[in-house]
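Here is the structure we will look at, set down as structure tokens.
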Amino acid sequence: VDWINQTSTGDLRLPTITDDSFYAINENDHLIRFNITTGEWLWSSAIGNNVFDLLSINEFQDSNQVYVLSDGVLYITNTLTGVASSSLAGSTKPFQALRWVPNTSALTTSNTLVYGSSKGDLVWLNPKTGIVTSRYQIGNSVCSTPVLAEGIRNVNGRSRNLIIGTAADGAVIAIDRDSLLKEWGFKLTAAVTASVNYQTNPSILEGETLPRSSVFIAGQDQYLRAVDLHTGKTRWKVLTTSPLENSPAIYGDVLYQRIPSNGLACYETFPNDYAGKLKWTAEDVHGNVITTTSQGRLVCWADNTKQLQILDSHIGTVTASILLPTAKQVLASDTTNGALFILTEDGDIIRLALREK
């Protein structure tokens, strides 16, 4: 245990980790900021009114403001003081009304928040001006947070940056981050409710001139897919036994996917096989991978069983298991060797540091 902070109000939600802060929302819709290293309470700011659903907490590195996105307005608070403020010239209101109603949390890119709307739009919002700089309709309702994916596009090292969005009607769309033009898209037979993930092969495959970059999609149609980042062409796909609810966790040449009816499955990330390549399945693992230990073991958290499990990454064997019956949420500060943060049912925040014997 690194630190424990016992808050005066329970029902903490929307935990968010940044470089130096841990944010959460309490039952009164107050935004609370803690020092991520020491656990020291820094400030609390009344932002919401228990009317709007709060969806995400976002910071920009070059700004002293933190933005809380809801399904009605965007709240604005000073990062240093916690005082609600307006970023709009000529406005005294500490929030901005949103014309396109958010349905997902927001992605931060450059000086823009990108979110999915309930009407099926990807929306680019400049929070400093309150202006929607772009909007692209991809389906009937966007149901997962947009993802910024990057990959090398030519031998000179130029990269392609695409914002990937998914919709409830099965649409998957890739928009160029700079030109805001559609690069590719297709439609599946069911929704993709988990955010996509992406990876670039650390090596160049035989017969190719560039390292391959792929987008990995876990769908409600029960398929786990890898599609080429640049074209949207399917590289491989696997039919699983259940609709997939979690995003794939990718670590170099291997990918981990929780399959609700089967446990945790490990696949090769870049197999030379259209049917994919399964390495192992751990039927006794009930959660998804959230980070690794310093020795490369997998750390998995299962919401339904309130169980933290440590796995051997090579064969999927459980090496340790911890029951956390009062934990409401568990998240990691990093996908590799990250510290663990536990939100309990009583409103406590606990930071754990992973240690090897």
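The values are calculated or read from the model by the stated rules, or taken from the named source; none is laboratory data. Given the structure is predicted, the values throughout are model-derived calculations rather than measurements. Here the Cβ is made from the backbone with ideal geometry for all residues, glycine too, and neighbour counts use every protein chain on show. Side chains are part of the model used for accessible areas, which takes the heavy atoms of the whole protein and leaves out ligands, DNA and RNA. Shrake-Rupley method; radii C 1.70, N 1.55, O 1.52, S 1.80 Å.
Does Thr109 satisfy being under 27 Å from Phe186 (Cα atoms) and touching a Leu at 6+ places or on another chain (Cβ under 8 Å)? Yes: the conditions hold for Thr109.
How about the range 153-182: which of its residues are of a type in the set (D, E, K, R) and within 14 Å of Ser213 (Cβ to Cβ)? Arg153, Arg158, Arg160, listed by residue number. Answer yes or no: is there a residue in the range 212-220 that is over 18 Å from Leu264 (Cβ atoms), of a type in the set (Gly, Ala, Ser) and touching a residue at least 12 places away in the same chain (Cβ under 8 Å). Within the range 212-220 (the criterion being over 18 Å from Leu264 (Cβ atoms), of a type in the set (Gly, Ala, Ser) and touching a residue at least 12 places away in the same chain (Cβ under 8 Å)), the answer is yes, since at least one residue qualifies. Restricting attention to the range 271-294, the residues being within 26 Å of Pro211 (Cβ to Cβ), surrounded by fewer than 22 Cβ atoms within 10 Å (Cβ to Cβ) and of a type in the set (A, V, I, L, M, F, W, C) number 3. In the range 201-218, of all residues being under 25 Å from Thr104 (Cβ atoms) and not small (Gly, Ala, Ser), the one that is surrounded by the fewest Cβ atoms within 10 Å (Cβ to Cβ) corresponds to Phe216. Against the list (1) of a type in the set (Ser, Thr, Tyr); (2) in a strand (DSSP E or B); (3) surrounded by fewer than 16 Cβ atoms within 10 Å (Cβ to Cβ), the condition Thr37 fails is (2). Just name the residue that is surrounded by the fewest Cβ atoms within 10 Å (Cβ to Cβ) out of those in the range 144-154 that are at pLDDT 90 or above and assigned to a loop (DSSP other than H, G, I, E, B). Among residues in the range 144-154 that are at pLDDT 90 or above and assigned to a loop (DSSP other than H, G, I, E, B), the one surrounded by the fewest Cβ atoms within 10 Å (Cβ to Cβ) is Thr145. Taking residues in the range 269-280 that are on the phi < 0 side of the Ramachandran plot, and partners anywhere that are open to solvent by less than 20 Å² (accessible area, probe 1.4 Å) and not in a strand (DSSP E or B), the pairs with Cβ atoms closer than 7 Å and at least 6 places apart or on different chains are Phe270/Asn201; Lys277/Pro271; Trp280/Gly316.
Looking only at residues of the range 155-166 that are within 24 Å of Ile204 (Cβ to Cβ) and small (Gly, Ala, Ser), we find that the one that is surrounded by the most Cβ atoms within 10 Å (Cβ to Cβ) is Ser159. When residues in the range 280-300 are screened for being within 17 Å of the chain's Cα centre (by Cα) and within 17 Å of Glu268 (Cα to Cα), 2 of them pass. Quick one: is Asp253 touching a Phe, Trp or Tyr at 6+ places or on another chain (Cβ under 9 Å) and either among the hydroxyl-bearing types (Ser, Thr, Tyr) or within 28 Å of Val299 (Cβ to Cβ) (or both)? Spelling it out, Asp253 is indeed touching a Phe, Trp or Tyr at 6+ places or on another chain (Cβ under 9 Å) and either among the hydroxyl-bearing types (Ser, Thr, Tyr) or within 28 Å of Val299 (Cβ to Cβ) (or both). Selection of the range 40-66 for residues being part of a loop (DSSP other than H, G, I, E, B) and open to solvent by less than 30 Å² (accessible area, probe 1.4 Å) yields Ile47, Gly48, Phe60, Ser63. Every condition in (1) of a type in the set (S, T, N, Q); (2) crowded, with 19+ Cβ neighbours inside 10 Å; (3) assigned to a loop (DSSP other than H, G, I, E, B) is met by Asn140 except one, and the failing one is (2).
Collect the residues in the range 67-85 that are of a type in the set (Gly, Ala, Ser) and either assigned to a loop (DSSP other than H, G, I, E, B) or surrounded by fewer than 19 Cβ atoms within 10 Å (Cβ to Cβ) (or both), keeping them in residue-number order.
Matches in the range 67-85: Gly72, Gly82, Ala84, Ser85.
Only one entry in Asp228, Asp169, Asp221 is on the phi < 0 side of the Ramachandran plot and open to solvent by 40 Å² or more (accessible area, probe 1.4 Å), namely Asp169.
Residue-level check: of (1) closer than 18 Å to Trp236 by Cβ; (2) open to solvent by 20 Å² or more (accessible area, probe 1.4 Å), Leu181 misses just (1).
Taking the conditions exactly as written (among the small types (Gly, Ala, Ser), closer than 20 Å to Thr305 by Cα and in contact (Cβ under 8 Å) with a residue 40 or more places away in the chain), does Ser247 satisfy them or not? Considered against the rule, which asks whether it is among the small types (Gly, Ala, Ser), closer than 20 Å to Thr305 by Cα and in contact (Cβ under 8 Å) with a residue 40 or more places away in the chain, Ser247 comes out as yes.
Tell me yes or no: at least one residue of the range 336-345 is among the small types (Gly, Ala, Ser), within 22 Å of Thr16 (Cα to Cα) and surrounded by fewer than 18 Cβ atoms within 10 Å (Cβ to Cβ). The answer is yes, given that some residue of the range 336-345 is among the small types (Gly, Ala, Ser), within 22 Å of Thr16 (Cα to Cα) and surrounded by fewer than 18 Cβ atoms within 10 Å (Cβ to Cβ).
Got a number for residues in the range 164-177 being closer than 18 Å to Thr234 by Cα and either acidic (Asp, Glu) or part of a strand (DSSP E or B) (or both)?
Counting residues in the range 164-177 that are closer than 18 Å to Thr234 by Cα and either acidic (Asp, Glu) or part of a strand (DSSP E or B) (or both) gives 8.
Residues satisfying the criterion are present in the range 43-55 (criterion: modelled with pLDDT of 90 or more, under 15 Å from Pro15 (Cβ atoms) and hydrophobic (A, V, I, L, M, F, W, C)). The strands (runs of 3 or more DSSP E) located wholly in the range 316-357 that include 3 or more residues which are more than 22 Å from Thr38 (Cα to Cα) and of a type in the set (A, V, I, L, M, F, W, C) occupy 318-323.
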